[in-house]
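The values are calculated or read from the model by the stated rules, or taken from the named source; none is laboratory data. It should be emphasised that the depicted structure is a prediction, and the values quoted were computed from it without experimental measurement. Glycine gets a Cβ as well: all are built from the backbone with ideal geometry, and neighbour counts include every protein chain shown. Heads up: the accessible areas ignore ligands, DNA and RNA and are worked out on the full protein's heavy atoms, side chains in. Shrake-Rupley method; radii C 1.70, N 1.55, O 1.52, S 1.80 Å.
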Amino acid sequence: MTAVELNQITRNSEGEDHNTGGPARPYGGLSRLYDYEYAGFDSDIYFYLERLRTTRIHGLILDLGAGTGRVALALARAGYFVVGLDNSPAMLRRARGNRRRLAGEAALRVKFSQQDMTGFRFRRSFAAAIISFSTLAMLTAPEQRLSCLTRIHEHLEPGGMLFIDLFAPLSRPRPNQDQPRLTNRSFHLPPYGHLVEKKVEERRNQQNKTIDVTYHYRKKRYRGEKILGEFTISFILADLTFTDVEAALEKSGFDVEEVHGDYQGCPFGPASPRMIFEARRR
Ligand SMILES: C[S@@+](CC[C@H](N)C(=O)[O-])C[C@H]1O[C@@H](n2cnc3c(N)ncnc32)[C@H](O)[C@@H]1O
């Protein structure tokens with residue numbers, strides 16, 4: 001594959017969308033912080049590189065829910081040709097900005113396309129597809145997930161691989177409705193090192209098999225307690241079990257070959273922090 005061919009695959013699929021966030025697309029509102037928040041997170045990337053090598057994938061890779069390009073750009077840097085798909089214009093703007101900072105040839109190996117993962121279309125087929133970092137859980141209805149997996153099946157070469165990384169069902173406690181799980185983290189923003197404090201509130205809705213998630217962000221001066229800004233974003237994730245994902249993959253034409261429980265590639269088990277499906281297109 002050449003960079004010119006890659007251009008032709010993506011050129012006609014850029015849609016117009018001015019949505020910059022909201023509950024349906026929370027990442028629109030998060031795009032400015034995303035890269036700083038996950039600056040140190042790359043263990044999944046080493047996992048994908050190892051699995052792509054082991055499963056002998058050499059062709060074009062589709063990264064669904066590519067966001068700011070964290071995974072897609074790293075794969076391009078490692079020599080793969082990648083198309084990153086996302087429905088958030090704000091995340092894709094960041095992704096394209098990050099691509100400009102890639103050295104030399106690597107920037108030519110990655111393209112981004114604004115489409116929805118439940119109904120995308122490309123003229124080329126792919127050797128592998130990746131849905132990283134729990135992104136499949138953002139499709140809360142079973143029909144949406146099935147539609148996404150069916151589109152992927154249509155776009156993969158026979159024998160092509162699909163990797164889906166999800167949080168493991170038991171990696172989060174099962175609080176009842178009145179007791180949300182609270183976690184805190186913080187990170188710094190350049191150029192002044194302002195501190196961003198993030199409080200995550202998760203409430204399991206067992207009836208709907210969903211998790212209501214709220215992120216509260218508070219930006220403070222590097223030193224002192226002065227608050228420079230605050231905002232809150234809420235969205236819903238599907239609370240997916242092993243069986244839910246396995247059944248959806250089977251139904252949409254995939255054979256599950258392995259399920260890993262972490263980014264070191266250990267087999268999935270009851271105490272695993274992640275649930276990473278590796279499935280082959282029939
Ligand atoms: C958790 S972020 C992951 C970003 C990136 N893959 C990574 O690992 O850093 C989820 C991404 O999926 C995108 N997304 C959510 N629903 C989508 C949909 N229906 N179609 C396309 N992209 C979607 C969001 O805009 C966001 O960029």
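If I ask for residues that are of a type in the set (A, V, I, L, M, F, W, C) and either surrounded by fewer than 16 Cβ atoms within 10 Å (Cβ to Cβ) or in contact with a Lys or Arg (Cβ under 8 Å, 6 or more places away or on another chain) (or both), which ones from the range 102-130 would you list? Show your work before the answer.
Taking the range 102-130 as the starting set, the residues that turn out to be of a type in the set (A, V, I, L, M, F, W, C) are 102-103, 106-108, 110, 112, 117, 120, 122, 126-130.
The answer is L102, A103, A106, A107, V110, F112, M117, F120.
Please give the strands (runs of 3 or more DSSP E) falling wholly within the range 200-280 in which 2 or more residues are loosely packed, with under 13 Cβ neighbours inside 10 Å and not hydrophobic (A, V, I, L, M, F, W, C). Spell out how you get there, then give the answer.
Working: elements: 210-220, 227-238, 254-260.
Here the list reads 227-238, 254-260.
Is it the case that the range 137-159 has a residue that's open to solvent by less than 40 Å² (accessible area, probe 1.4 Å) and among the basic types (K, R)?
Scanning the range 137-159 turns up at least one residue that is open to solvent by less than 40 Å² (accessible area, probe 1.4 Å) and among the basic types (K, R).
For S186, indicate whether it is away from the ligand (no atom under 16 Å from the Cβ), of a type in the set (S, T, Y) and either free of Cβ contacts under 8 Å to residues at least 24 places away in the same chain or closer than 18 Å to E246 by Cα (or both).
Working: away from the ligand (no atom under 16 Å from the Cβ): yes; of a type in the set (S, T, Y): yes; either free of Cβ contacts under 8 Å to residues at least 24 places away in the same chain or closer than 18 Å to E246 by Cα (or both): yes.
Spelling it out, S186 is indeed away from the ligand (no atom under 16 Å from the Cβ), of a type in the set (S, T, Y) and either free of Cβ contacts under 8 Å to residues at least 24 places away in the same chain or closer than 18 Å to E246 by Cα (or both).
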